[in-house]
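Asks: The structure follows.
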Amino acid sequence: MTEVTPEQVRQITHDVLARPEFSDKTTWTQLVFDHFMRWLDTFARWSARNPDLARALTFVLMGVLVLLVAHIVYVVVREFVSLRKTDSTRSHRQSPRALEGVAENWDEAFRLARAALDTRDLYKALWITHRVLLSVLDHIGQIRFVRWKTNSDYLHECRDPGAAGATLSELTTAYERVIYAHTEFDFEQARNLLSQVEALAVEAGR
């Protein structure tokens, strides 16, 4: 019989203890689940001690849930109806979906963006520039603008390898830095991005 060396014993022990069933590492899923179960147990005990309050709280939560579901259904139906409506005679001078509540057309939106840059309002300038770009890309068929989509959705949807795709990528980075992260951004770069979007709008309008 082959003699087992101490080094082999240590290696075998290490391999056995490395198995999942012996691991003491807790995943985020386990932590969340354990925390939820503890909260559920605490809530159940509180409900048993306060049945009237628990019943009232249940009704309130059910009402909130119904309102949330109704709102989600309303938004989905509204977006679906908006996507189903087509108007072949609509020009880019009319109010595109991406500019609703912002401007009546691209020209007005560009004026607002330039005015924002002149007053050093970088947040507003990039927000409007980004909306105009989404409107332009929607107009030329590179994306389909829908309010619930994220910036990542539009980046994946836009397949243009040229100026449109590059501008969307660059402007999205600037947008997320200023709008989401609230960090500094160069005003000249913002003006350059606005000029790029204006050039795409001119090309799209031909």
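No value in this document is a laboratory result; all are computed from the given coordinates. All values reported here derive from a predicted model rather than from experimental measurement. When we count neighbours, we look across all protein chains shown, and the Cβ atoms used for this are built from the backbone with ideal geometry, even at glycine.
Asks: What list of ³J(HN,Hα) values in whole Hz, one per residue of the stretch 118-131 in order, does the Karplus curve 6.51 cos²θ - 1.76 cosθ + 1.60 (θ = phi - 60°) give from phi, with Gly and Pro shown as x?
Replies: 5, 9, 6, 8, 5, 4, 5, 4, 6, 4, 5, 4, 5, 5
Asks: A further question follows. For the stretch 153-196 and the stretch 109-127, compute the distance between their C-alpha centroids and round to whole Å.
Replies: The stretch 153-196 and the stretch 109-127 have Cα centres spaced 15 Å from each other.
Asks: Would you tally the net charge around Lys124, using a Cβ to Cβ cut-off of less than 13 Å, leaving Lys124 out, and scoring K and R as +1, D and E as -1?
Replies: Working: positive: Arg111, Arg114, Arg120, Arg131; negative: Asp118, Asp121.
That works out to +2.
Asks: Find which of Val69, Thr58, Phe33 sits farthest along the positive direction of the dipole of the stretch 28-83, computed with +1 on the beta-carbon of Lys and Arg, -1 on that of Asp and Glu, about the Cα centre.
Replies: With unit charges placed on the Cβ atoms, the residue in question is Thr58.
Asks: Just to be sure I understand the model, the point goes 7 Å from the Cα along the line to the Cβ. What's the resulting Thr173 to Arg144 distance in nm?
Replies: The answer from the label model is 3.0 nm.
Asks: Sticking with this one: Which of Ala199, Ile140, Thr150 sits closest to the plus end of the dipole of the stretch 97-204, meaning its Cα is farthest towards the positive end, when Lys and Arg get +1 and Asp and Glu get -1 on the C-beta?
Replies: Result: Thr150.
Asks: Another question, if that's okay. What list of ³J(HN,Hα) couplings, whole Hz, do you get for the stretch 134-143 from phi and the Karplus terms 6.51, -1.76, 1.60, once you set θ to phi - 60° and write x for glycine and proline?
Replies: 4, 5, 5, 5, 5, 5, 8, x, 7, 9
Asks: Another question about this same structure. Provide the net charge surrounding Ala98, with neighbours chosen by a C-beta distance below 11 Å and charges set as Lys +1, Arg +1, Asp -1, Glu -1.
Replies: +3
Asks: Expressed in nm to one decimal, what extension gain is obtained for the pair Gln30 and Val76 from 0.36 nm per residue of sequence separation less their Cα-Cα distance?
Replies: 13.2 nm
Asks: Here's a follow-up. What nm distance separates the two modelled labels at Leu53 and Val202, each placed 7 Å from Cα along Cα→Cβ?
Replies: The answer from the label model is 6.8 nm.
Asks: Work through the residues other than Glu170 whose Cβ is under 14 Å from its Cβ and net out their charges, Lys, Arg +1 and Asp, Glu -1. Before the final figure, lay out each step's value.
Replies: Numbers: positive: Arg177, Arg191; negative: Asp160, Glu176, Asp186, Glu188.
Residues close to Glu170 contribute a combined charge of -2.
Asks: Still on this structure, please answer the following. Let's test the formula: R0 of 35 Å, r as the Cβ-Cβ distance of Asp41 and Leu65. What FRET efficiency results, to the nearest 0.05?
Replies: Values: r = 22 Å, r/R0 = 0.63.
FRET efficiency, Asp41 to Leu65: 0.95.
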